[in-house]
Every structure is written in C-alpha cells, then in structure tokens.
Amino acid sequence: MSHQDVARVTMRMLYDPVFARAVCAGEAELPELDDEERGWLAEVDERAWQVDPLRARRTLRALMDEFKGSSLLALAHTASVRSVEGFFQSAAFHDAVQRRGSMSQGFEAWLGTIDAPHLPGVLALEGGLARARRELDDRPERLATAIPGPWLARARGVRPLLLDGAALDTLNVLESWLFEDQLLPGASLASDAPGLPPLPAPRPDEPVHLLAVPTGGVVRLANHGRLVWDVLALLRTPVAHTRAVERVAALGIGSRAEGLLDQLVDAGLVTRGR
C-alpha cells in the first residue's frame with residue numbers, strides 16, 4: 001500500500017475525466033493499487049473530479065509556454081484545441097504522472113507523435129532547451145559518478161543540440177506570428193485574421209550544431225563552433241581526466257586538448273570534479 005501511488009492516480013483522475021469515470025466504475029486497470037485503495041477512489045462521488053473544469057487548460061497553457069512553436073504547429077496540423085487537450089488522455093501523460101516523471105517531458109513525447117512536417121525540427125530545439133533548463137534546478141543524474149580522482153563532464157544545463165537546418169528560422173517565424181496574434185485578443189475570430197505565414201522548408205540534410213548554455217540563470221542558444229560541440233558531446237557523463245584528454249586529442253587537436261579543456265572549464269561549459 002502506498003499513499004504516493006494513490007495520490008498519483010488521483011492526479012490522473014483530476015485531469016482525465018474518461019479515466020476518472022473508469023476508476024469510479026471499477027473498470028480501470030490499476031496494478032499499482034490494491035483492492036482497498038481502488039475501493040477508496042471508487043467511493044468518491046464522480047462529480048468531485050469535475051469541480052475545476054479549467055484545471056487541464058491552465059496546465060496546458062504552462063506546457064505550451066515552454067513549447068510555443070511545437071504547440072502552435074500541433075494546433076495548425078490538427079485544427080482542433082480539443083485534440084491538443086487530448087494530451088491528458090494519452091499514455092504519455094499517464095506514464096509521466098504515475099512514474100513520477102516530468103509532465104513537460106510527457107508533453108514533449110506526446111507532441112512527437114504528431115505527424116506534422118516542421119514539428120520534429122522545432123520540437124528538438126524546444127525540447128533540448130527545456131531539458132537544459134531542468135538541469136539547472138537539481139544536480140542531474142548524469143553527473144553522478146564513482147570515478148576515483150579528477151574527472152571532467154559538461155556542466156549542468158549545457159547541452160549540445162543537433163538541429164534541422166531550418167528549425168531556428170521556423171521557430172522565429174512562429175514566435176513572431178504568435179506575438180502579433182496576442183496583441184489583439186480574439187482577433188483569430190475575425191474573417192480577415194492572418195493565418196500562419198509560409199514556413200521555411202525543413203532541411204534535415206543540413207544539420208546545425210548549436211549549444212544550450214545557461215547565462216545568468218537563463219538557458220540560451222550559443223554557437224561555439226563544431227570542435228567545442230564535439231568536445232561537449234564526448235563529455236555527457238563524467239570521464240576520468242586523463243581519458244578525457246585522450247578523447248579530445250583524438251578529435252584532431254593533439255597536444256592542444258588539455259588547454260582547450262581548461263578553457264572550457266574557465267568558461268563554465270565543463271565541470272571539473274575531484
């Protein structure tokens with residue numbers, strides 16, 4: 001018996017009315033709960049799960065703020081607000097809640113199931129930035145290590161991003177349109193409301209190597225060149241200092257490897273542990 005599992009199922013019921021009805025009717029599969037716990041939830045008046053009908057939309061607003069471009073592409077592709085609200089009935093949502101994951105990551109995974117041409121590139125960009133931001137909140141698991149002696153790893157919140165060549169331009173177009181659309185609330189109801197402008201054609205065969213880098217507590221995009229990108233990609237998890245120097249030297253810079261790593265430590269892009 002776990003009160004945490006009950007709390008997670010309760011949260012799922014608050015967001016997903018179809019799931020809530022199934023639980024109340026005793027028809028939902030709830031392997032994480034025992035018979036007594038299922039009984040507790042089934043005894044609750046079904047109306048109690050519907051007292052805040054805007055709960056899902058408030059949460060969706062926060063998620064869409066983090067994935068502005070991707071959410072806009074999803075709406076444009078489905079032409080339905082209800083379809084985007086369907087996230088809360090998806091396996092991605094339920095898994096994120098029940099496994100104590102990130103709802104943001106669940107939303108990212110759900111967006112990835114939508115087959116819109118520009119969505120993969122923009123989602124990779126926004127998702128990479130979102131993951132970098134989450135690393136700033138807590139020490140990420142990837143930095144846990146039992147390596148004896150000095151080691152190097154890319155710093156918290158630093159993330160190499162391999163992007164579709166048109167992803168950044170596409171996101172800029174989407175955010176510009178969204179800003180103008182929000183200047184006049186309700187304008188989208190007008191018959192002469194402007195639709196989305198043409199978007200750059202995806203260019204997956206022309207990838208761009210950028211970095212997500214925290215600056216003053218905010219994660220921004222940066223371009224430090226392909227060599228630095230390759231070095232940081234090698235240092236996703238802690239690597240013994242000597243081994244790290246060897247790997248970086250093998251990128252073709254030989255004896256300059258240790259000096260470059262020192263520069264990256266000084267720049268806050270690499271963490272040195274002992």
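Residue check: is residue 54 under 21 Å from the mean Cα position of the chain (by Cα) and of a type in the set (A, V, I, L, M)? The answer is no for residue 54. Does residue 49 satisfy the condition of being more than 30 Å from residue 181 (Cβ to Cβ), surrounded by fewer than 19 Cβ atoms within 10 Å (Cβ to Cβ), modelled with pLDDT under 95 and among the aromatic types (Phe, Trp, Tyr)? No; evaluated as a whole, the condition is false for this residue. A count restricted to region 181-229 and to residues that are of a type in the set (A, V, I, L, M, F, W, C), part of a loop (DSSP other than H, G, I, E, B) and more than 19 Å from residue 170 (Cα to Cα) stands at 4. Among the numbered conditions (1) touching a helix residue (DSSP H, G or I) at 6+ places or on another chain (Cβ under 7 Å); (2) within 30 Å of residue 177 (Cα to Cα); (3) not aliphatic (A, V, I, L, M), the only one that residue 61 does not meet is (1).
Taken over region 6-32, the residue count meeting the criterion of being free of Cβ contacts under 8 Å to residues at least 40 places away in the same chain and assigned to a helix (DSSP H, G or I) is 10. Once region 130-155 is narrowed to residues that are part of a loop (DSSP other than H, G, I, E, B) and either aliphatic (A, V, I, L, M) or under 16 Å from the mean Cα position of the chain (by Cα) (or both), the residue that is surrounded by the most Cβ atoms within 10 Å (Cβ to Cβ) is 155. Close contacts from region 33-59, counting a first residue that is assigned by TED's automatic domain parsing to the domain that holds residue 18 and a second that is polar (S, T, N, Q), with Cβ to Cβ under 8 Å and a gap of 6+ residues or different chains, come to 41/10. For region 101-121, which residues satisfy the criterion of being part of a loop (DSSP other than H, G, I, E, B) and without any contact (Cβ under 8 Å) to a residue 60 or more places away in the chain? Selection gives 101, 102, 112, 113, 114, 115, 116.
The values are calculated or read from the model by the stated rules, or taken from the named source; none is laboratory data. All figures in this text were calculated on a predicted structure; none of them were measured in a lab. Neighbour counts are summed over all protein chains in view; Cβ atoms, including those assigned to glycine, are modelled from backbone coordinates with ideal geometry.
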